[in-house]
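Taking it in order: structure first as structure tokens, then the write-up.
The values are calculated or read from the model by the stated rules, or taken from the named source; none is laboratory data. Fair warning: this is a prediction, and the values are worked out from it, not measured in the lab. Because the Cβ atoms are built from the backbone with ideal geometry, glycine has one as well, and the counts that use them run over all protein chains shown.
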Amino acid sequence: MAPILEVQNLQHIYSVGTPFEHIALDNVSFAVERGEFIGVIGHTGSGKSTLMQHLNGLLKPTSGAVLLDGKDIWSDKALTRQSRFRVGLVFQYPEYQLFEETVYKDIAYGPKNMGLEPDEIDRRVREAAGFVGITGKQLEMSPFDLSGGQKRRVAIAGVIAMEPEVLILDEPTAGLDPVGREEILSNIESYRQAKNATVMMVSHSMNDVARLTDRLLVMSGARLVMDGTPDAVFSHAQELLDMGLDIPELTRVFLQLQKMGVDVPSVYTMEQAVDALRKLKGGAANA
């Protein structure tokens, strides 16, 4: 099966021909399969957000291409518009973009722009609200009367209501407490499983991406420098630290053991850590 998204030799240069010219993306290429959960990590200014805004046509490449189901999204105006519904983008702190009188109207805004019938809009609004834990009573409230975490859910529901095949989230848990963060991540996973959707999530939380994602893209200096499973990526823990990135807490502990001369692998989950320690203990017992 062909990838749902493919990025080919993507380059983006801001302020071309001026003293402020800046390369934000430099020859980035990768493909995304249906149903994948992909984490995107990188230090501030590495190109993560610029990359995400290319995937649904908010930014146009300086060169290279973004393909959706094998078609260049900039090859036709209709395809560009269609890509913005099929690839949904949730910006960082999306609650600041709420503007309608009620939660219902805010969630319905995207489906209305798609030209859907009222019954279909209603179905999508209520289903999207259900995915993120917004109640029927809250749908009639002003979004500005909700808590910060509830506003975040409303903003995510507004994108989910368009039923995108690819859901892109830029730091969806930023600023939330641990309970709110876990709830939002659970909401995202529920949508992915229910719709067999692809999810791409930009995050600074190495623990979250290590635990949740199938695959990690690592951006540094406008380039894609790593692309692999969390296991493969976090096996390069020292390289990630040298790039100015964090690593999962367990990986940090085992990296220190490696530096002390202990023969242990790089790990990022508690299960891996327990398994590694058992093997180490077994090896010591047999020595």
(request) Considering only residues that are under 26 Å from the mean Cα position of the chain (by Cα) and under 13 Å from Gln238 (Cα atoms), look in the range 250-266 and name the one that is modelled with the lowest pLDDT. (result) Ser266
(request) Out of the residues in the range 165-188 that are outside any helix (DSSP H, G or I) and hydrophobic (A, V, I, L, M, F, W, C), state the one that is surrounded by the fewest Cβ atoms within 10 Å (Cβ to Cβ). (result) Ala174
(request) Would you please name the residue that is farthest from Val16 (Cα to Cα), looking only at residues in the range 62-100 that are without any contact (Cβ under 8 Å) to a residue 24 or more places away in the chain and of a type in the set (S, T, N, Q)? (result) Gln82
(message) Which residue is modelled with the lowest pLDDT, if the candidates are limited to the range 52-75 and must be polar (S, T, N, Q) and either within 22 Å of Glu33 (Cβ to Cβ) or assigned to a loop (DSSP other than H, G, I, E, B) (or both)?
(response) Asn56
(message) Which condition from (1) hydrophobic (A, V, I, L, M, F, W, C); (2) part of a strand (DSSP E or B); (3) within 20 Å of the chain's Cα centre (by Cα); (4) surrounded by fewer than 18 Cβ atoms within 10 Å (Cβ to Cβ) is the one that Ile13 breaks?
(response) (3)
(request) Would you list the helices (runs of 4 or more DSSP H) that sit entirely within the range 103-151 and hold 2 or more residues that are surrounded by fewer than 12 Cβ atoms within 10 Å (Cβ to Cβ)? (result) 118-132, 136-139
(request) Mind counting the residues in the range 204-222 that are in contact with a Gly (Cβ under 6 Å, 6 or more places away or on another chain) and either within 19 Å of Leu89 (Cβ to Cβ) or part of a helix (DSSP H, G or I) (or both)? (result) 3
(request) Could you list, in sequence order, all residues of the range 219-234 that are aliphatic (A, V, I, L, M), under 17 Å from the mean Cα position of the chain (by Cα) and over 16 Å from Val28 (Cβ atoms)? (result) Val233
(message) If Tyr191 satisfies all but one of (1) without any contact (Cβ under 8 Å) to a residue 60 or more places away in the chain; (2) buried (at least 20 other Cβ atoms within 10 Å of the Cβ), what's the number of the condition it fails?
(response) (1)
(request) Within the range 203-238, track down each residue that is free of Cβ contacts under 8 Å to residues at least 40 places away in the same chain and either in contact with a Cys (Cβ under 8 Å, 6 or more places away or on another chain) or loosely packed, with under 15 Cβ neighbours inside 10 Å (or both). (result) Gly228, Thr229, Ala232, Gln238
(message) Residues that are over 30 Å from Gly47 (Cα atoms): list the helices (runs of 4 or more DSSP H) wholly contained in the range 224-287 that include at least 2 such residues.
(response) 249-259, 270-286
(request) Please go through the range 35-51 and pick out each residue that is under 15 Å from Tyr14 (Cα atoms) and part of a strand (DSSP E or B). (result) none
(request) Go through the range 152-164 and count every residue that is in a loop (DSSP other than H, G, I, E, B) and either surrounded by fewer than 19 Cβ atoms within 10 Å (Cβ to Cβ) or of a type in the set (Gly, Ala, Ser) (or both). (result) 1
